[in-house]
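Structure first, then comments.
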Amino acid sequence: MVTIRDVAAAAGVSPMSVSNALSGTRPVSEVTRVKVMSAVERLGYQVNTAARSLRQGRTGVVGVVVPTLESQYYAQLCGRLVRRFAEAGLSAVVEDTGATWERQASVFRDSRVAAYDGLVLSPIGLSEAELRSFAGRLPLVVLGEQQLHRSVDRVGMANAAGAAAATRVLLARGCRRLAVVGAPPLDQLGERAETSLTEGAAFVERARGFLAATREVPGVTTTSLYTGSTLADGRRAGHDLLAAHPDVDGVLCATDTLAFGVLRALADRGVRVPDDVRVIGFDDVEEASFSVPSLSSVDPGHEAMAAAAVELLVRRITDPGAAPRDVVGEARVVERQSTA
């Protein structure tokens, strides 16, 4: 097997120079770099990443753990994070937990912890105490709501503010009979309401933002409907909503996925969007620009949030004792045909 000393001898430089040229830990001259790379290619030398990881105490690999890869939002989030980590010199492994406690907890078992330098986690159903315990085993950045994750690095969305802004768009367009799809009953948005939904606090915060905005305008009627979080759930919610409230004229959906399902249900029933009902989603996934009609949505600041998550995790890896930081994306409404 070709060793680093063999490469050094062939290049006429020291083993340390070879190591520096290959790892980039210290600068080398361009002449030295060319000699080393030429010798590496000539001899067929391969870096022993396992041995290097043992020496450095790191693997160069991080985990990105999300509840599902079947939603447009999480799939695109993972893509953003993978690209950002690559720019930071780290490889990212994506894991889908199916939103189960067991599969989330399994990521922090000894055999798995050894594989990762750190983790970005979008948790479902984990308590703050559990997250704090997990963070003691592995550098961790949480994507989620602040009230659940005060003791770890966190990147979150302006869920309530974004939903309120979206609702104000519906109100500004003259809607007065409003519904929010993907929310518990509006009279049950108390302190522990997030435990009533699989999706947890994010959906509840969006419902709270919706309700707060509707109270700013007199004469507005409101209702809510929760059937799940998939496209099929959105379609079912749309049909159920029209059956119970045929005069609804504005709908805020907790996600774009639900909104696409609602648009399908409205089309099934011959309801025109935006002429009869205006619809707005949340997440501003790429598909929102291509649906018919194109979907108005809340952009929660995707790129800035991905950049912040990577920055926080790299910081946590290099400085484990740093004080936890909290970053919230800046939401903005992107208006398209569905509310025009």
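Residues in segment 1-60 that are surrounded by 11 or more Cβ atoms within 10 Å (Cβ to Cβ), in a helix (DSSP H, G or I) and at pLDDT below 80: Ser19, Asn20, Ala21, Leu22, Ser23, Thr49, Arg52, Ser53, Leu54, Gln56. So, Leu178, is that one in contact with a Pro (Cβ under 8 Å, 6 or more places away or on another chain), crowded, with 20+ Cβ neighbours inside 10 Å and either modelled with pLDDT of 95 or more or under 30 Å from Asp247 (Cα atoms) (or both) or not? It is false that Leu178 is in contact with a Pro (Cβ under 8 Å, 6 or more places away or on another chain), crowded, with 20+ Cβ neighbours inside 10 Å and either modelled with pLDDT of 95 or more or under 30 Å from Asp247 (Cα atoms) (or both).
Please give the number of the condition Arg315 fails out of (1) touching a helix residue (DSSP H, G or I) at 6+ places or on another chain (Cβ under 9 Å); (2) in a helix (DSSP H, G or I). Result: Arg315 passes all but (1).
Restricting attention to segment 68-115, the residues that are assigned to a helix (DSSP H, G or I) and within 26 Å of Gly329 (Cβ to Cβ) add up to 17. Inspect all residues belonging to segment 234-253 and state whether any of them is free of Cβ contacts under 8 Å to residues at least 60 places away in the same chain, of a type outside the set (Val, Ile, Thr) and under 30 Å from Ala92 (Cα atoms). For segment 234-253, residues free of Cβ contacts under 8 Å to residues at least 60 places away in the same chain, of a type outside the set (Val, Ile, Thr) and under 30 Å from Ala92 (Cα atoms): absent. The set of residues in segment 61-102 being within 20 Å of Phe134 (Cα to Cα) and at pLDDT below 90 consists of Ala99, Thr100, Trp101, Glu102. Considering segment 281-340, the residues that are surrounded by fewer than 16 Cβ atoms within 10 Å (Cβ to Cβ) and among the β-branched types (Val, Ile, Thr) include one that is nearest to the chain's Cα centre (by Cα), namely Thr318. Just the residues that are farther than 18 Å from Glu70 by Cα, of a type in the set (S, T, N, Q) and at pLDDT 85 or above, please, taken from segment 103-118. The one that is farther than 18 Å from Glu70 by Cα, of a type in the set (S, T, N, Q) and at pLDDT 85 or above: Ser106.
The values are calculated or read from the model by the stated rules, or taken from the named source; none is laboratory data. Because the structure is predicted, anything quoted here is derived from the model rather than measured. Note: ideal-geometry Cβ built from the backbone for every residue, glycine included; neighbour counts use all protein chains shown.
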